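Engineer: One structure is given below, represented as structure tokens, and several questions about it will come after.
The values are calculated or read from the model by the stated rules, or taken from the named source; none is laboratory data. From a predicted model like this one, the values you see are computed outputs, not experimental measurements. Cβ placement follows ideal geometry from the backbone for every residue including glycine, while neighbour counts extend to all protein chains displayed.
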Amino acid sequence: MNKKKITFGKIGQGLISQQELPEEPTTSGFGTFGQKPPEKNCNAMKEIRPEDEEEMQTLQKVMGMTGFGKKAKSFDIQEILDNISKTIGSHKAAMQGKEGNEAKTLVISQQCQEESKEDDLLIGPPIPSQVDEKSKSVNKKDSDEDTDDEDDSETEAEETNVISKIPCTHEVAMTHGTKAVIAIAADPSGARLASGSVDYDVSFWDFAGMDSSLKSFRTLQPCENHPIKCLQYSMTGDAILVISGAAQAKVLDRDGFEKCETVKGDQYITDMARTKGHTAALNSGCWHPFTKEEYLTCSQDSTCRIWILYRPRAHKYLIKCRAQNGVKTVPTTCAYSRDGSAVACGCIDGSIQMWDRRKNFVNPSLILRGAHTQGSEISSLSFSYLGNMLATRSCDDTLKLWDMRAFKSPLFVASDLFSRYDTTDCMFSPDDSMIITGESLRKAQTNGRVLFYNTKTFEMVHEILVTNSHVIKTLWHPKLNQIFVGCGNGVVKAYYDPKRSMRGAKLCVVKTHLKPKHIEIMSTQQIITPHALPLFRQDRPKSVRKQMEKDRLDPVKSHRPDLPITSGQGGRVASSGGTLSSYVIRNLGLSKRIEDDQDPREAILKYAKEAEENPYWIAPAYKKTQPKTIFQSDESDGGPSNKKQKT
């Protein structure tokens, strides 16, 4: 293959003439012998004259070929490199000089700006130095006040943002009974709510199936004559743990039917490790946050026990609570951490004790003596959703917030919060920005309150006046974004926001309550007289089924509807005719009504005499041609007349 040569530019104008061409050497080249023969088929190249060149240029301009015929460019590489080096050196020198000039110009411009500012400010004679210093101090004070106002506005904005998160614009009251509601639980999905009271009852509320009457669909007494102290749904919502004043805890299913009951221990054994269950009344209990078959209970026998759901005949682990001097102390509340790795309990000696779930339960891994006043029950322990904070509520009228990373002193203490019941609880909001707790009713007060404290500023953000009774239990459901409050007068209140809350109480409020229709039934008592005469004896039905079959055949008792009309004879419309044509004739065509029950021949013969005396249609027509009427002879005696043959 012949490779094409790459050339620069186009064909030049200065062509070399034949005279300027160098003569070819006569010496022999490689591979040839002797002189090269002259070429015959070649034309001599003529020199281009200036006249021809001008004519060519005009032709190119006319044809638009202006770039045709330029000389090829020649590139000297060494010259190009020298030029580049020179330009780089000059550029460096120029940049250095420019930087110096720019610095000078900046200094000069700043001075000019300052002078211009001073000139702008100074109008008229110069201000004395004392007055100038006073004005500067006033400006500083104003700037400080502005910053303080900005900080105050920021804190107010934060408080308003926190308050807007509380769903409390609407409320709904559900009546449990007449006595204090000391236990509340909601399943994780938010479909059902359970409430327990001092009157031994547990009520189940189904929001999807409840109407505006707000009545529970089931109420039962699972522990007979013991008050319900604690209720909690499992993580899947299919079981509910019931902690009562008895020594045995019960687990109910979703509809309230019993699934299992823990065993009771031997009261005459002092070592609690040798008994299989609690020997005294229970105080609290809770489910494991991830293991759906494990739950924890604490009792007056100074122990906490961990159980497995389908093995209620004996506990799995035993935890003994000890005071500082080594004697027993009673745990009043217990809880799992959010990740389930720790078990915590609050004791009556005011201490908070924690054990690591992954190790043995011999010695507590974290203990804090004197967290609350000794002798007052710690009514609630609540871990934050992030797990780094702990809130405790005690009967010493305090609420405390602890940091798990520095557990020696509380971060925040809210005092003077009266709590009459030992089940008054506290909990965190779903975003850990607030702590919510209830306050019991004092003698001078008129309303029980639900209080909200900010976890960052440790200030009371908001309060809700619930009712003229105690506020014992509070529950802020994270999925529904609704707050449920158990009161001392047997009422469970639900607070929600139509825009921020979901389902729950919003479902049943919009449903209208339909009153059931009362059916009045007259019951007849049957008098049984075995020796009565047959004339006066009442017939006793042999079976209910046969009596129902007889009543079904009776058109009156079975309320049989009217049968469809098959004909006009004897039906409901017999008076007006059974067909449409008869109805039209009787109502529109004739002024006199005709009875359908009479014989049609008799009806026609009624007018025979009148027709004979006053003929109108037929007799006048045949009067001339047939004055005497001729009728067809009666051939009924003979056979039928033969048909005429067709021609």
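Engineer: Sort out which residues of the range 425-435 are out of contact with any Lys or Arg (no Cβ under 7 Å at 6 or more places or on another chain) and buried (at least 24 other Cβ atoms within 10 Å of the Cβ), and write them in order of number.
Structural biologist: I435
Engineer: Taking only the range 339-366 into account, find how many residues are surrounded by 16 or more Cβ atoms within 10 Å (Cβ to Cβ) and among the charged types (D, E, K, R).
Structural biologist: Residues meeting the conditions: 2.
Engineer: Does G256 satisfy the criteria of being at positive phi, surrounded by fewer than 19 Cβ atoms within 10 Å (Cβ to Cβ) and in contact with a Leu (Cβ under 6 Å, 6 or more places away or on another chain)?
Structural biologist: For G256, the condition - at positive phi, surrounded by fewer than 19 Cβ atoms within 10 Å (Cβ to Cβ) and in contact with a Leu (Cβ under 6 Å, 6 or more places away or on another chain) - is met.
Engineer: Let me ask something else. Those residues that are in contact with a strand residue (DSSP E or B) (Cβ under 6 Å, 6 or more places away or on another chain) and either assigned to a strand (DSSP E or B) or in contact (Cβ under 8 Å) with a residue 40 or more places away in the chain (or both), I need them from the range 270-293; list them, please.
Structural biologist: Matches in the range 270-293: M272, A273, H278, L282, N283, S284, G285, C286, W287, H288, P289.
Engineer: Of everything in the range 436-467 that's polar (S, T, N, Q), more than 28 Å from the chain's Cα centre (by Cα) and surrounded by 15 or more Cβ atoms within 10 Å (Cβ to Cβ), which residue is modelled with the highest pLDDT?
Structural biologist: Within the range 436-467, the match that is modelled with the highest pLDDT is S440.
Engineer: Within the range 199-214, track down each residue that is crowded, with 21+ Cβ neighbours inside 10 Å and out of contact with any Lys or Arg (no Cβ under 8 Å at 6 or more places or on another chain).
Structural biologist: Of everything in the range 199-214, just one residue is crowded, with 21+ Cβ neighbours inside 10 Å and out of contact with any Lys or Arg (no Cβ under 8 Å at 6 or more places or on another chain), namely V202.
Engineer: Only one of these is aliphatic (A, V, I, L, M) and in a loop (DSSP other than H, G, I, E, B): L417, L401. Name it.
Structural biologist: L417
Engineer: Cβ-Cβ distance below 9 Å, separation of 6 or more or different chains: which pairs start in the range 404-433 with a residue that is among the basic types (K, R) and end on one that is surrounded by 12 or more Cβ atoms within 10 Å (Cβ to Cβ) and assigned to a strand (DSSP E or B)?
Structural biologist: K408/L368; R420/I472
Engineer: Tell me which of these M548 doesn't satisfy, since it passes every other one: (1) in contact with a Phe, Trp or Tyr (Cβ under 6 Å, 6 or more places away or on another chain); (2) at pLDDT 65 or above.
Structural biologist: Of everything listed in (1) in contact with a Phe, Trp or Tyr (Cβ under 6 Å, 6 or more places away or on another chain); (2) at pLDDT 65 or above, M548 misses just condition (1).
Engineer: Considering the range 168-225 alone, what residues qualify as being in a strand (DSSP E or B), under 22 Å from the mean Cα position of the chain (by Cα) and small (G, A, S)?
Structural biologist: Scanning the range 168-225 gives A185, A186, A194.
Engineer: When residues of the range 330-356 are filtered for being outside any strand (DSSP E or B), over 16 Å from R393 (Cα atoms) and in contact with a Ser or Thr (Cβ under 6 Å, 6 or more places away or on another chain), how many remain?
Structural biologist: 1
Engineer: As an exercise: evaluate K609 against (1) at pLDDT below 80; (2) not hydrophobic (A, V, I, L, M, F, W, C); (3) not in a loop (DSSP other than H, G, I, E, B) and give the number of the one condition it does not meet.
Structural biologist: (1)
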